[in-house]
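Working notes, structure below.
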Amino acid sequence: MTEFIDPNFQSFGNQPEQTTGELDLEARSGLRRVAGLSTELQDVTEVEYRQLRLEKVVLIGVWSDGDFDETQRSLAELAQLAETAGSQVLDVLVQRRDRPDPATFIGSGKLQELHQIVMSTGADTVICNGELSPSQLSKMEKVVKVKVIDRTWLILDIFAQHARSREGKAQVSLAQMQYMLPRLRGWGDALSRQSGGIGTRGPGETKLESDRRRIGKTMAKLRREIKDMSKARETQRAARRRSQVPAVAIAGYTNAGKSSLLNRLTSAGVLVENALFATLDPTVRQAKTPSGREFTISDTVGFVRDLPHQLVEAFRSTLEEVSASDLIVHVVDGSDPDPEGQLSAVRKVLADIDAGGIPELVVINKADAADPHVIDRIKLREKNSIAVSALTGQGLDELIIMIEAQLPQALQDIKATIPYERGELLARAYREGTVLSRTDTETGTVIIAKVPKPLANVLEEFSG
Ligand SMILES: Nc1nc2c(ncn2[C@@H]2O[C@H](COP(=O)(O)OP(=O)(O)OP(=O)(O)O)[C@@H](O)[C@H]2O)c(=O)[nH]1
Ligand SMILES: [Mg+2]
């Protein structure tokens, strides 16, 4: 926390007894500090160790609806995102207002106060908890006189830092350009004044001075490249479908423990880090159920509340690992303050990528650290769920059994003569399996088909 104390500001963390109703009018419209979210000193050395340019940021949010806890959680997540991007959070401020100001995000009067705080703390960047319009952005920068970025750009920046593969980099570039295009003028000003740091990293940066048409062309080229690069995976997926190996996709909120779970289940050696968006590239591994059934299991990029739509769009081919799967293992961090919020944020993205209809098994992870009451609460709501710990291994044997039970049925080759009075069996063969050939004879309908085991057992009687 900074040493700077202004009598006009109130720190919620230090005054827990204060409730909304008791705040006087002036305090309600004022900027308030959210205590306890600033970067701890030991993080600073870690950031330097990572050799990132250390930025000093002030976070600002608007508290418009919902309880203050929700706003505070959202700002805590923003602080975590900012630290993941390599910055040091000097101060976190929130303004109570009905809705963000369409012109300046926070009230114009408060902008001046924000400018004062920026000056006194020595911050070089302000991060807004929301998405700013191009004009909000440039108006704010004019007053606070340092770089202003929004949550969307912060997330894009983290993705740019974490992208390793050619495909990942291309996807982030595309998303950055898509975001940048309508903001060219405002950003041009801001970035010629500032250099380096959040919002200037990543492949999008070099294109900033180009005109829209050139960016448009580059974007088209990137789209083509991404499509080409995803072809290999598409081919592999098609091969797996033909060989009927079911595909399980691990999906979930960022930092929920998806990569840890994949490693535990398959010893895949996937990067595990206490960082948001550690994984960007999909990993697919072979696995076997206890009874020997083969399946593939994949890990991919994590989701977050209000994941920038530019990213969802750009990562569509990567996310196909999820949307083309037979079963989604939805990992949620049971020790998070708001696991239900994580579940619904992830489901929104799943619906966005047309994965909403795929069977979903909810895995409540970090059971070793979670409050047992919270686990019970989630289990009550989520009928198809299980609590596990990727750290201690608790619940993993049971998880594998649940996965096995929910894999699509293996199909079996059969040839059968179905008597005409058993028309319902013929209908089932069409519904549940694939009928390869059909001939009507005197004794019944002869079919050659691939059908699930239970039906194959029933048809045994009529085989041949
Ligand atoms: N206590 C506890 N920590 C866990 C557990 N599983 C994972 N973690 C920790 O949670 C953090 C995130 O784990 P990851 O496996 O990288 O999470 P992820 O979902 O792949 O994260 P992203 O790829 O960044 O979206 C790491 O610090 C893990 O050590 C668990 O069961 N219990
Ligand atoms: Mg991961």
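The values are calculated or read from the model by the stated rules, or taken from the named source; none is laboratory data. Since we're looking at a predicted model, the values are computed, not measured. We place every Cβ from the backbone using ideal geometry, glycine too, and count neighbours over all the protein chains shown.
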Any residue in the stretch 241-266 that's more than 27 Å from residue 308 (Cβ to Cβ) and in contact (Cβ under 8 Å) with a residue 40 or more places away in the chain: show its pairings with residues that are among the β-branched types (Val, Ile, Thr) and within 11 Å of ligand 2 (Cβ to nearest atom) at Cβ separation under 6 Å, as long as the two are six or more apart or on different chains.
263/270
Which is in contact with a helix residue (DSSP H, G or I) (Cβ under 9 Å, 6 or more places away or on another chain) and of a type outside the set (Lys, Arg), of 369, 390, 405?
390
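Residue-by-condition table, conditions (1) touching a Gly at 6+ places or on another chain (Cβ under 8 Å); (2) crowded, with 20+ Cβ neighbours inside 10 Å:
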| position | (1), (2) |
| --- | --- |
| 138 | yes, no |
| 143 | no, no |
| 146 | no, yes |
| 149 | yes, yes |
| 153 | yes, yes |
| 160 | yes, yes |
| 167 | no, yes |
| 170 | no, yes |
| 176 | yes, yes |
Looking at (1) more than 16 Å from ligand 2 (Cβ to nearest atom); (2) touching a Gly at 6+ places or on another chain (Cβ under 6 Å); (3) within 20 Å of residue 251 (Cα to Cα), find the lone condition where residue 401 falls short.
(2)
Does any residue of the stretch 81-95 turn out to be part of a loop (DSSP other than H, G, I, E, B), surrounded by fewer than 21 Cβ atoms within 10 Å (Cβ to Cβ) and over 22 Å from the mean Cα position of the chain (by Cα)?
no
Quick check: is even one residue across the stretch 155-174 touching a strand residue (DSSP E or B) at 6+ places or on another chain (Cβ under 8 Å) and of a type in the set (A, V, I, L, M)?
no
Among the residues of the stretch 272-283, are any more than 12 Å from ligand 1 (Cβ to nearest atom) and among the β-branched types (Val, Ile, Thr)?
no
Test result for residue 197, at pLDDT below 70, surrounded by fewer than 17 Cβ atoms within 10 Å (Cβ to Cβ) and at positive phi:
no
Please list, ordered by residue number, the strands (runs of 3 or more DSSP E) wholly in the stretch 211-330 having 2 or more residues that are within 11 Å of ligand 2 (Cβ to nearest atom) and crowded, with 19+ Cβ neighbours inside 10 Å.
247-252
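Could you list all residues from the stretch 412-434 that are within 20 Å of residue 243 (Cβ to Cβ) and not in a loop (DSSP other than H, G, I, E, B)? So that I can check it myself, show each step before the final result.
Just the residues of the stretch 412-434 that are within 20 Å of residue 243 (Cβ to Cβ), to begin with: 412-414, 432-434.
Across the stretch 412-434, the qualifying residues are 412, 413, 414, 432, 434.
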The residue that is farthest from residue 137 (Cα to Cα), considering only those in the stretch 97-117 that are crowded, with 19+ Cβ neighbours inside 10 Å and in contact with a helix residue (DSSP H, G or I) (Cβ under 6 Å, 6 or more places away or on another chain), is 114
Exactly one of 448, 386 is among the β-branched types (Val, Ile, Thr), part of a strand (DSSP E or B) and not assigned by TED's automatic domain parsing to the domain that holds residue 333, and that one is 448
So for the stretch 315-329 (the condition being within 13 Å of ligand 1 (Cβ to nearest atom), touching a residue at least 60 places away in the same chain (Cβ under 8 Å), aliphatic (A, V, I, L, M) and more than 30 Å from residue 220 (Cβ to Cβ)), does at least one residue qualify?
yes
Residues of the stretch 432-453 satisfying the condition of being crowded, with 17+ Cβ neighbours inside 10 Å and closer than 11 Å to residue 414 by Cα:
433, 447, 449, 450, 451
